[in-house]
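First up is the structure itself, then whatever we jot down about it.
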Amino acid sequence: MTTRTFKKEDLRNAAQHQRGSWNCIQAIEENIQEGKYKDAMLSTVDLLNSIKELDRLAEKKVKQDELHHITQTFVNVMMNRS
C-alpha cells in the first residue's frame, strides 16, 4: 500500500480495511469448511464493505491528483501569459 493509491491522511484507514479484508477472507474460508454458511455470508458482507471503502479512499486520491494536475496546468498557462 502506497501513497500512489491513497492520500497520505487515509493510509491508516486504508491499511485497517485491507487487513480487515484479509481477515474476512480467512473467516469466510473457515466458515465454509465448517458448514457455517450464514456466518460465511455475514463475513462476505463485511468483506464487501471493506472493499467498497478501499475503493472510495482510492477514488479520493484519484480526484485529488486530477485537481492537482488541473491546478498545475492553469498555473503554467498563467505564468506563460506574462
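Between 0 and 90 degrees, rounded to the nearest ten: what's the tilt of helix 11-33 against the longest Cα principal axis of the chain? The two axes meet at around 20 degrees. Between Arg12 and Leu48, the contour length at 0.36 nm per residue exceeds the Cα-Cα span by 11.1 nm. Just to confirm the filter: which trypsin sites (Lys or Arg not before Pro) across the stretch 1-70 are DSSP coil and have at most 13 other Cβ within 10 angstrom of their Cβ? Within the stretch 1-70, the qualifying trypsin sites (Lys or Arg not before Pro) (loop, at most 13 other Cβ atoms within 10 Å) are Arg4. Here the 3J(HN,Hα) profile of the stretch 59-68, calculated from phi with Karplus coefficients 6.51, -1.76 and 1.60 at θ = phi - 60°, is 5, 4, 5, 4, 5, 4, 5, 5, 4, 4 Hz, Gly and Pro shown as x.
Since every read-out is calculated from the coordinates, none of them should be taken as a lab result. Owing to the predicted nature of the structure, the values given are computational and were not obtained by experimental measurement. Every residue, glycine as well, gets a Cβ built from its backbone with ideal geometry; the counts of neighbours run over all protein chains shown.
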